[in-house]
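What follows draws every value from the coordinates through simple rules; no lab data is involved. On a predicted model such as this, the values are computed, not experimentally measured, just so you know. In this analysis, Cβ positions are derived from the backbone assuming ideal geometry, glycine residues included, and neighbour counts consider all displayed protein chains.
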Amino acid sequence: MQLLYAVSMDRKLTKIALAFPATYMTEQWGGAHVFKVGTKTQFKMFAILRPGADRLTVKAPDAEIRAMLFEVGVAEAHSHMPRGNWMVLLLDKLDLEDAAERMRVSYDLVLPNLPKKVRDTLC
């Protein structure tokens, strides 16, 4: 039953991520779904979802919020992305709305870091 829940959550989060403006997904790193905003050559990554793993990597707005999410047990450090306030959300401890909101925050954080010329063509 847990696997069915994970697949359902994965599909819903993918649908939500792809609804953000100028977003697309690539498969990288052994099947991870990597969500990016921008163009194919100038983009910023805002989320990584490994299907079936109950984990979603996103960017936190600051170290304090990241630490709070660690403290309440819904997130942990990303072993390969120690800087930039990246964290791994534990999807089995969050509901869909909370996970979607964290993904939206991550999107909103990286979008302004695209070159202005690219941002102007996206909106």
Sort through Val74, Val110 and tell me the only one that's among the hydrophobic types (A, V, I, L, M, F, W, C), surrounded by 15 or more Cβ atoms within 10 Å (Cβ to Cβ) and out of contact with any Phe, Trp or Tyr (no Cβ under 6 Å at 6 or more places or on another chain). Val74
Counted residues, region 77-107 - those being surrounded by 15 or more Cβ atoms within 10 Å (Cβ to Cβ) and among the small types (Gly, Ala, Ser): 3
Residue in region 39-59 that is surrounded by the fewest Cβ atoms within 10 Å (Cβ to Cβ), counting only those that are of a type in the set (A, V, I, L, M, F, W, C) and within 23 Å of Asp95 (Cα to Cα): Ala53
